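Before any comments, here is the structure.
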Amino acid sequence: MRTITKLLLFGFVIVFTACQKDKDSARRNTSGNTGGTGSTTNIEGDYDFVGIVAYTESSVTVNRAGTEIKAVTVMAYATKNNNGTMKITSDQLIDTNLAYSIDTIVNVKTYWDNVLVDDSNFSSVASTPPASSISTYVRNSADSITITRTPGIVSDLFNSIPIPPAPQISTGFANFAPEKMGVKLSWSGDTLLLKVNSRYSQSVSQFGGPPGTLVGSVNGMIRLKKH
């Protein structure tokens, strides 16, 4: 797991500001309606990393003494201070010295038997040191590939999904990344867009409490500018 997961954990400071603007912006930015017309049949080449935009949502649901407790988090972000390069071959994504920072707001809503009992915002600020990795992929069609999970930029989209707080469930960040990740491809001028829209769930039980269900989803887009 790359360092973004650990660093984000230390970036939580309670604040009382609205995050709806960030959420709406991320939804627009990850829609992929960019108007690019280039062919994605051949994506091999050298690229500069120019950023990630993402909208993530997760929930934890537990049942304690007949009461359903559910906590839902939403986080939208656009990375800043983006650096590094990526080389795409016929079957690999090779990123070198990729680094970026995140400065955004996480919203957490808590429900007891579907009644909202708390609505709070948290600040999430973090930076990643330069890191390099290699991911393998297979071609599905002219505009889609499937990436095998390895430490890398696509896994970062999943590993930055925050786990909401709930009784017997620790707050943190999930390692949601599935073994295989589907990616849609498109172009915006000379910028290659890698779009991920995925949902993942797992059972959780911590601190000897009742079992619960953890569900996470990510709608994200990675931007790579071709040399």
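What follows is calculated from the coordinates using simple rules that are stated; it is not laboratory data. Everything quoted here is computed from the prediction, not taken from an experiment. Positions of Cβ are generated from backbone atoms using ideal geometry, with glycine treated the same way; all protein chains shown enter the neighbour counts.
Whole-Hz Karplus values for the range 88-102 come out as 10, 9, 5, 8, 9, 10, 10, 9, 10, 6, 6, 8, 6, 10, 10 Hz, taken residue by residue from phi with 6.51 cos²θ - 1.76 cosθ + 1.60 and θ = phi - 60°; glycine and proline positions read x. If R0 is 41 Å, what FRET efficiency do you get for Q202 and T41 from their C-beta distance, rounded to 0.05? Computed FRET efficiency for Q202 and T41 comes out at 0.70. When each of the peptides 88-99, 210-221, 133-144 is scored by the mean number of other C-beta atoms lying within 10 Å of its residues, the order from highest to lowest reads 210-221, 88-99, 133-144. 3J(HN,Hα) along the range 66-81, derived from phi through the Karplus expression 6.51 cos²θ - 1.76 cosθ + 1.60 where θ = phi - 60°, amounts to x, 10, 8, 10, 9, 10, 10, 10, 10, 9, 10, 7, 10, 5, 10, 6 Hz, with x in place of Gly and Pro.
As a quick test, which of the pairs K80/K225; K80/K180; K109/K195; K184/K225; K80/K226; K195/K225 have an alpha carbon distance above 24 angstrom in this structure?
Working: K80/K225 15 Å; K80/K180 27 Å; K109/K195 27 Å; K184/K225 16 Å; K80/K226 19 Å; K195/K225 15 Å.
Cα-Cα > 24 Å for K80/K180; K109/K195; rest within.
Of the GluC sites (Glu not before Pro) in the range 41-93, the ones in a loop by DSSP (not H, G, I, E or B) with at most 12 other beta carbons within 10 Å are E44. Computed extension length for T148-S120: 6.5 nm, one decimal, from 0.36 nm per residue of separation with the Cα-Cα distance subtracted.
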